[in-house]
Amino acid sequence: MRFLCLPGAYGSSDKFQVQLAPIIKELTEDGTATFHFINGPCKAVPPEGFEEYFGKPPYYRFIEPDEDVEKTDDDDVLARIRDFPDCETPEDTMRDLMREGVASSHRSTENALKYLVKIMEERGPFEGIIGYSEGATVAGTLLLHEQRRLKKKGIKPMFKYAIFFAGWPPVDPETHAMILSDETETMIEIPTCHIIGSLDPYVHGSLALFNVCDPDTAYLFDHAKGHTLPRDKDTVKELGDVVREAIRNYDIHI
């Protein structure tokens, strides 16, 4: 299976390869998968106080506040990670995060989708997609875009399987509203694997993403740590087995 890999905000293709290295090794040694990494289309600057966390530049992201919107740092939803809410349900948490005052990113979202579709056309085909953090949100949005495109234009979706590390729910490809399971019946229809950390301060975002995927084919994998990717040998082996089993069970052809 060939995966298109989307890094998190303020990351890069090179950094994501390092972060994912143990999993790459696990899935390439037996021929299960190959991986194609890309940068986000927008150059970025980390929120104040997070420079060391994201390492050395360059920094990229997929979605940013639209340029023609008058805004402050707090208007950027990613800048609000300093004070991430913790409400009764994952959906309530995400609603609180997206409260009034978040700058519009409609144009940026559309540009990100166009950017990814072009990569799919020029560097594909890909059978699977992997997203970490913001990359998971964008990957989910792209999957919904493919589902809509199938219904409207009859264009068969490229992706058959998705792996989400952390991440938040996708946005509607047309309205750009966040998709939440208690507000809509829209869901990601392909099989998905959701790698979460129960100690992740943003875990409600991951659970809200899980909740908008088909419950019959969505698998929740908890590595019991924070907003990171699993690296220890036993956990990586277990995750590799989950991916291999999904490919067999759902007849996902490599």
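Calculate for the chain the 222 nm mean residue ellipticity that helices alone would give, adding -39,500 (n - 2.57) per DSSP H run of length 4 or more and normalising by residue count, nearest 500 deg cm²/dmol. Write down the numbers at each step before the final one.
Details: 7 runs with 86 residues, N = 254.
Helix-only estimate at 222 nm: -10500 deg cm²/dmol.
Which value, in Å² and to the nearest 10, is the accessible area of E183 when all protein chains are kept and the probe is 1.4 Å?
It works out to around 110 Å².
Quick check: net charge around P157, other residues with Cβ under 13 Å of its Cβ, Lys/Arg +1 and Asp/Glu -1? Kindly include the intermediate steps, with their values, before the conclusion.
On the way: positive: R148, R149, K151, K152, K153, K156, K160; negative: E127, E146, E189.
Result for the local shell: +4.
Can you bin the chain into rounded, prolate or oblate? Criterion: square roots of the alpha carbon gyration tensor eigenvalues sorted a ≥ b ≥ c, rounded for a/c under 1.5, prolate for a/b above b/c, oblate for the rest. If you can, show how the numbers build up before the last one.
On the way: a/c = 1.37, a/b = 1.23, b/c = 1.11.
Rounded shape, in that the Cα axes give a/c under 1.5.
Using only C-alpha atoms and all pairs of different ones, pull out the Kirkwood radius for the range 135-245 in Å with one decimal.
Working: mean 1/r = 0.0694 Å⁻¹.
Answer for the range 135-245: a Kirkwood hydrodynamic radius of 14.4 Å.
Quick one: with all protein chains in place, what share of the accessible area of the chain is carbon or sulfur, to the nearest percent (1.4 Å probe)? Kindly include the intermediate steps, with their values, before the conclusion.
Numbers: 6190 of 12460 Å².
So the carbon and sulfur contribution to the accessible surface is 50 percent.
State in Å² the accessible area per residue of the chain; use a 1.4 Å probe, count heavy atoms of protein chains only, and round to the nearest integer.
Numbers: 12460 Å² over 254 residues.
In whole numbers, the chain has 49 Å² accessible per residue.
To the nearest Å, what is the center-to-center distance of the range 182-210 and the range 1-48, using C-alpha atoms only?
Computed from Cα coordinates, the inter-centre distance equals 19 Å.
What number, in percent, do you get for the relative contact order of the chain if the mean sequence gap of Cα pairs under 8 Å and at least 6 apart is divided by its residue count? Before the final figure, lay out each step's value.
Working: 457 pairs, mean separation 49.6, N = 254.
Answer for the chain is 20 percent.
Excluding ligands and nucleic acids, what accessible area in Å² is computed for C5 using a 1.4 Å probe, to the nearest 10?
0
Quick one: which residues, 5 or more positions from T34 or on another chain, have an amide H under 5 Å from its amide H? H modelled 1.01 Å from N in the peptide plane, none for Pro or chain starts.
The answer is R2, F3.
Set the bar at 29 Å for Cα to Cα. Now go through K160/K237; K15/K156; K25/K153; K156/K237 and name every pair that lies beyond it. Display every interim value, and only then the final one.
On the way: K160/K237 22 Å; K15/K156 32 Å; K25/K153 38 Å; K156/K237 33 Å.
From the list (K160/K237; K15/K156; K25/K153; K156/K237), the Cα-Cα distance tops 29 Å for K15/K156; K25/K153; K156/K237.
The values are calculated or read from the model by the stated rules, or taken from the named source; none is laboratory data. Model, not experiment: these values are computed from the prediction. Note that we place each Cβ from the backbone using ideal geometry, even for glycine, and neighbour counts take in every protein chain shown. To get the accessible areas, we keep the full protein, side chains included, count just its heavy atoms, and leave off ligands, DNA and RNA. Shrake-Rupley method; radii C 1.70, N 1.55, O 1.52, S 1.80 Å.
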